[in-house]
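Worksheet: one structure, shown below.
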Amino acid sequence: MIPYSTQTIDNDDIEAVKEVLQSDYLTCGPAVKRFETEVATYTGSRFSVAVNSCTSALHLAMIALGVDSKCTVFVSAVSFVASANCARFLGADVSFVDVDKYTGNMNIDALEQMLIEAKKKNKLPKVVVAVHLSGRAVDLERLYKLKLEYGFYLLEDAAHALGATYRGSMIGSNKYSDITVLSFHPVKIITTAEGGMCLTNNERFYSIIKSYAAHGIVHDKDKLVNKNMPAYYYEMQELGFNYRLSDLQAALGISQLNKIDDFLSKRRAHAKAYPELLKHDLIKCPVPDSQGNESSWHLYQLIVLNDKRDYLFNALRDKGIFVQIHYLPIYRHPYYQSLKNYPPLEGAEYFFSHTISIPLYPNMTKVDQQMVSACILKLADEM
Ligand SMILES: Cc1ncc(COP(=O)(O)O)c(C=O)c1O
């Protein structure tokens, strides 16, 4: 079986985890702090908080940005459900923004139109969640202009995009946004098994995220409500969660981050090879980024130009090539349909029904890539 993606684990990773297993701290130890510092340095962000998933990171980001049941949050329509669920955890109303039909990234013209309408109704969003789908950067400069004009917070869901660039900056630098979240799930650019991170340049957001990730408990004597208490004393000041990443996971993350350049260059080489291998009238490879931004190539999403995408999907799975579809537009899920009658969005419907994620991961061999491509070409002839 050839998967659409998989983790890359070597002996260094295993040794790094073993070392923590033999140390004093399995959690709440030095590896977490080091991992946070190294990811912040890599992305160019001032602050970082490691947590146990990107879903937790999204939830904490929403809390830090002050989202509540009176707010509206705008979310890119094509993403994993967590990108929108984080707003629902706090009872906010979710509106979905249409996407570009070929990239799946937020259609900024559609967003602008929604903002114009929302302003008329005095219902501007508190937060816009923009997803860098497949690792391709969304147009952050345009988003930033709209953010200034309409006064929303910008949250980058970079679950797919660690290592991607936008106009010379790393995704995660928060040059244009308030908070960026990352995922370290096994199929992502680096892994900690489960894991995620919030990145921000804003000290207040950082403090809130840090506190809510660990029960809302405060140990720092200067920050206690009650002064002159005994050494054992700590206070819970907010209703937080246990969203902590363990040191075992952080050690794996540090070891993985050491190899990120190699992971990215292999992903980019595979992405460069596919268009040469997949020349067919009915198949469109991802369009090159016109601004020269570098994708992290978490996913390689082909576009099937006729209505036979499901045929291709089923036939490839039958041959042991575990292709995947990313994603059903979030508004189509029964939970969201039970909230209100979300209308279908043109770009999201096209992207969902015509794309297919084909295998791409660092250690995919050339032979496998050629075999996958040959299968696709043969099936495309039958479509
Ligand atoms: C775009 C996006 N956001 C958020 C998440 C949630 O990540 P996690 O599984 O780390 O909670 C995912 C997971 O695949 C994702 O693809």
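Results, tabulated for the structure shown:
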{"read-out": "Selection status of Arg142, open to solvent by 30 Å² or more (accessible area, probe 1.4 Å) and either of a type in the set (S, T, N, Q) or closer than 20 Å to Ala77 by Cα (or both)", "value": "yes"}
{"read-out": "Enumerated helices (runs of 4 or more DSSP H) restricted to region 1-84, each holding at least 1 residues that are of a type in the set (Gly, Ala, Ser) and within 14 Å of the ligand (Cβ to nearest atom)", "value": "54-64"}
{"read-out": "Close pairs (8 angstrom Cβ cut-off, 6 or more residues apart or separate chains): at pLDDT below 95 in region 281-302, open to solvent by 20 Å² or more (accessible area, probe 1.4 Å) anywhere", "value": "Val287/Tyr102; Val287/Thr103; Asp289/Arg136; Gln291/Asp139; Gln291/Arg167"}
{"read-out": "Yes/no for Phe80 being in the same structural domain as Leu143 (by TED's automatic domain parsing), open to solvent by 10 Å² or more (accessible area, probe 1.4 Å), more than 23 Å from Leu257 (Cβ to Cβ) and aromatic (Phe, Trp, Tyr)", "value": "no"}
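Conditions (1) open to solvent by less than 10 Å² (accessible area, probe 1.4 Å); (2) of a type outside the set (S, T, N, Q); (3) under 20 Å from Phe47 (Cα atoms); (4) more than 15 Å from the ligand (Cβ to nearest atom), marked per residue:
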{"position": "Gly151", "(1), (2), (3), (4)": "no, yes, no, yes"}
{"position": "Leu155", "(1), (2), (3), (4)": "yes, yes, yes, no"}
{"position": "Ala161", "(1), (2), (3), (4)": "yes, yes, yes, no"}
{"position": "Thr165", "(1), (2), (3), (4)": "no, no, yes, yes"}
{"position": "Gly172", "(1), (2), (3), (4)": "yes, yes, yes, no"}
{"position": "Lys188", "(1), (2), (3), (4)": "no, yes, no, no"}
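One line per residue, one yes/no per condition, for (1) under 25 Å from Thr103 (Cβ atoms); (2) touching a Ser or Thr at 6+ places or on another chain (Cβ under 6 Å); (3) among the small types (Gly, Ala, Ser); (4) open to solvent by less than 40 Å² (accessible area, probe 1.4 Å):
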position: Leu316; (1), (2), (3), (4): yes, no, no, yes
position: Pro329; (1), (2), (3), (4): yes, no, no, yes
position: His333; (1), (2), (3), (4): yes, no, no, no
position: Pro343; (1), (2), (3), (4): yes, no, no, no
position: Tyr350; (1), (2), (3), (4): yes, no, no, no
position: Ile356; (1), (2), (3), (4): yes, no, no, yes
position: Thr365; (1), (2), (3), (4): no, no, no, no
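The values are calculated or read from the model by the stated rules, or taken from the named source; none is laboratory data. Source: prediction; values computed, not measured. Here the Cβ is made from the backbone with ideal geometry for all residues, glycine too, and neighbour counts use every protein chain on show. All accessible areas refer to the heavy atoms of the entire protein, side chains included, with ligands and DNA or RNA removed. Shrake-Rupley method; radii C 1.70, N 1.55, O 1.52, S 1.80 Å.
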